[in-house]
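Right, one structure below, let's go through it.
Laboratory data are not the source of any read-out in this text; all were calculated from the coordinates shown. This structure is a prediction, so every number in the text was calculated from the model and none was measured. Every residue, glycine among them, receives a Cβ derived from its backbone with ideal geometry; neighbour counts consider all protein chains shown.
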Amino acid sequence: MIFPARENCVAVNKFLPSSPKHGHSPNPHLMLSSRVAVLDCGASHTALGVFAKAGTDRLRLAQFAYESFVLEPGREEEWLDRTTTALRGLRSRVKLGGAVSVVLPGHLVLIKFIKTPRVDIAKRDKVIQFEAQQAIPYALTDVVWGHVVTGETDIDLEVMLCAIKREIVDALCAAIESIGLTPKLLLPSSLALRAAYGLAQTAQAPTTLLVDVGARSSTLLLNEGKRLHARTLALGGHNVTQQISESQDCEFSEAEQLKLSGRHAALCAPAVENFVTRLAQEVTRSALHFRRSAGAGNPERVLLTGGSSLIPGIAEMMTAKLHVPVGEFDALGAVEVARAAADAHVAEFATMISPLIGAAAVQMRADQLSLNLLPPRLRARENTRRQQPWLAAAACLTAAALLAPLLHYRALHAEVQFKLGALNAQIDPLRAREAQNRVHLEQLTALRVQVEALEQVYNRRANWQAMLADLQNRLVKVEDVWFERLTLAPGSGEANAPLRIAVSGRMLDKANPLANVSPDTFRRVTALLGGLADSPYVAAVENERFDNRQPGILYFDFVLVAETAKPL
């Protein structure tokens with residue numbers, strides 16, 4: 001089938017260079033770990049997982065906790081307070097401290113795809129920064145942004161940009177720090193989903209569209225080899241809840257329970273049908289956009305994940321509307337689950353923790369794309385803490401080594417400044433004279449232009465006089481003929497076109513004053529017009545027309561094309 005799409009966006013990392021072979025590579029600034037803690041801060045939930053390596057390619061979920069909350073539309077400003085409360089609940093159940101990675105929800109991250117010319121790596125950051133200024137609708141100083149190269153051809157690069165408002169990310173990091181954790185990686189949910197899919201699927205998997213249906217937004221991720229196609233939609237499960245709340249005249253929290261329970265399918269059916277129809281339309285448009293803008297293939301299957309994918313009947317309805325198989329994405333199946341996580345009922349949340357698992361895979365596997373939207377203050381603090389001892393030692397050694405050269409070069413600098421002042425005193429009069437010469441040359445150029453224009457006017461005037469005299473001589477030789485009107489043809493002389501003169505005239509047939517014009521008169525006029533083409537001022541005679549309706553007089557019209565060698 002054909003999937004159309006509107007252009008939208010995804011987020012990526014400024015610190016991720018491209019690989020000439022594959023088009024992208026893992027983040028060199030992110031050190032791989034054997035044990036990581038991950039926070040998934042969603043629009044209506046917060047999840048915490050502690051992961052460890054289990055062999056070469058597998059992960060092990062050691063600890064898990066999940067907190068959900070209901071946030072009504074129109075009260076989005078309470079999201080940070082609700083998330084902070086949920087974080088405290090997680091912290092009370094999982095004893096943890098130190099660094100933690102954070103998955104950012106899709107509705108907070110602005111995502112853009114751009115194409116830039118393929119330039120040297122040394123110049124690439126400047127080109128991408130210029131494009132980011134055009135693509136991101138905020139001042140770059142007001143956001144934390146980044147980029148990643150997702151593909152490249154012989155002439156251009158495919159780049160993903162992402163940005164999050166600095167005030168939002170600062171507040172979120174402050175909330176995380178308030179419970180005793182230190183954010184070290186802030187990853188957009190789209191890249192976390194990609195890593196989770198790469199962990200769970202084989203290289204021979206068909207082209208798959210992964211749809212993460214969240215509470216406030218949905219993320220579309222087309223997985224086709226190593227290329228990345230993604231889009232974030234402002235469409236989520238809260239749209240269904242809101243419609244149920246309005247149609248049934250109940251509280252938002254009650255509508256949320258009706259939506260997920262499945263016991264009142266008839267009451268929820270109109271809202272679910274409307275939501276699935278809109279989602280299917282966006283999926284169709286997005287897939288076609290991926291194909292047109294990046295040459296992506298049509299998805300052979302669709303996998304659903306996210307909390308709102310649990311709405312009863314959504315997979316079957318999507319299958320009917322998209323005409324491709326629609327199933328459930330289970331990233332937890334690719335992860336070993338420890339007893340502590342199993343006791344926390346992690347299996348019940350398998351559909352909702354794909355970003356959590358993907359964020360762990362990003363840090364523990366070298367083949368994953370990475371993005372870090374950590375605020376500058378935290379990044380600078382971490383870098384400073386690590387570098388302080390070495391910087392102090394390096395500063396002492398540098399000061400000791402440079403003291404003697406510094407004194408020497410200060411003396412040289414003073415001597416050079418003295419000589420430079422003497423040279424400037426000699427050069428300043430010459431500079432003033434050179435400036436005067438430039439002014440005089442400009443005036444001379446302007447006068448030459450005026451002289452050339454006057455010469456052209458004079459030459460054209462003389463050519464007009466000569467041409468009219470030539471025409472008069474030819475008329476005298478023919479006799480009994482005269483020109484009644486000479487006018488410039490429409491558009492004549494425009495855009496370097498030759499001058500065209502429309503001429504109207506008459507010839508008297510003395511031999512037949514009261515009868516039709518004789519053939520001899522036609523021959524005389526034809527000979528006259530043919531002879532005009534021999535004039536040095538005429539390039540051609542065109543559009544000859546004759547009128548012999550009046551007895552004894554032959555009317556004629558024609559167009560003279562002026563000779564460009566003798567301009568008129």
*Quick one: go through the range 478-493 and flag any residue whose amide nitrogen is under 14 Å from the point 7 Å out along the Cα-to-Cβ line of Asn543.*
486-493
*According to the square roots a ≥ b ≥ c of the eigenvalues of the Cα gyration tensor, what is the shape class of the range 479-562, taking rounded for a/c under 1.5, prolate for a/b larger than b/c otherwise, and oblate for the remainder?*
prolate
*asked:* Taking a virtual spin label 7 Å from the Cα of Ala395 along the C-beta vector, which residues in the range 348-381 bring their backbone nitrogen under 12 Å of it?
replied: none
_Restraint check, Lys53/Lys112; Lys226/Lys321; Lys53/Lys95; Lys53/Lys165; Lys112/Lys165, Cα-Cα greater than 25 Å_ = Lys53/Lys112; Lys226/Lys321; Lys53/Lys165
*In degrees, nearest ten, helix 252-261 long axis to first principal axis of the chain (Cα)*: 80
*Which length gain, in nm to one decimal place, applies between Thr564 and Leu514 when the Cα-Cα distance is subtracted from 0.36 nm times their residue separation?*
13.7 nm
*What angle, in degrees between 0 and 90 and rounded to the nearest 10, separates the Cα long axis of helix 166-178 from the longest principal axis of the Cα atoms of the chain?*
10
*For Leu486 and Gln443, what does the FRET efficiency come to when R0 = 30 Å and r is the distance between their Cβ atoms, rounded to the nearest 0.05?*
0.15
*Starting from the Cα of Leu420, step 7 Å along the direction of its Cβ; do the same at Glu452; then give the gap between the two resulting points in nm.*
4.3
*Gyration tensor (alpha-carbon) shape descriptor, the range 35-374, a/c threshold 1.5*: rounded
_the chain, helix-only ellipticity at 222 nm - DSSP H runs n ≥ 4, -39,500 (n - 2.57), divided by all residues, nearest 500_ = -15000 deg cm²/dmol
*How high is the FRET efficiency between Asn274 and Arg88 when r is their beta carbon distance and R₀ equals 45 Å, given to the nearest 0.05?*
0.75
*Going through the range 234-315, which GluC sites (Glu not before Pro) have at most 15 other Cβ atoms within 10 Å and a DSSP loop state?*
Glu251, Glu300
*Where does the charge balance sit around Cys41 when Lys and Arg score +1, Asp and Glu -1, over other residues with C-beta under 11 Å from its C-beta?*
-1
*Once fully extended, how much extra length lies between Ala462 and Arg339, figured as 0.36 nm per residue of separation less the alpha-carbon to alpha-carbon distance?*
33.6 nm
*Per residue, what volume in Å³ does the convex hull of the Cα atoms of the range 170-318 enclose?*
152
*Pop the C-beta distance of Ala234 and Ala380 into the FRET formula with R0 = 41 Å and round what comes out to the nearest 0.05.*
0.80
*Once both axes come from the Cα atoms, what is the angle between helix 376-478 and the longest principal axis of the chain, in degrees from 0 to 90, rounded to 10?*
20
*For all pairs of alpha-carbon atoms in the range 463-521, what percent lies in each bin of width 5 Å, listed from the first bin to the last filled one?*
4, 15, 17, 20, 16, 12, 9, 5, 2, 1
_Highest-first arrangement of 457-467, 313-323, where packing means the average Cβ count within 10 Å_ = 313-323, 457-467
*Mind running the shape call on the range 30-100? Use the C-alpha gyration tensor, a ≥ b ≥ c as the square roots of the eigenvalues: rounded below 1.5 for a/c, prolate if a/b tops b/c, oblate otherwise.*
prolate
*asked:* Run the simple label-point estimate for Glu254 and Asp534 please: 7 Å along Cα→C-beta, distance reported in nm.
replied: 10.8
*Report relative contact order for the range 35-374 in percent, whole number only (criteria: Cα-Cα under 8 Å, sequence separation at least 6).*
23
*Return the whole-Å distance between the Cα centroid of the range 465-508 and the Cα centroid of the range 515-568.*
9
*Going by C-beta contacts inside 10 Å, put Cys162, Cys268, Cys250, Cys396 in order with the fewest on the left.*
Cys396, Cys250, Cys268, Cys162
*Taking the radius of gyration and the Kirkwood hydrodynamic radius from Cα positions alone, what is the Rg/Rh ratio for the chain, to two decimal places?*
1.32
_DSSP bridge orientation in the chain - percent antiparallel, rounded to nearest 5_ = 75
*Charges only on Cβ, +1 for Lys and Arg, -1 for Asp and Glu: so what's the dipole of the chain about the Cα centre, in debye to the nearest 20?*
1620
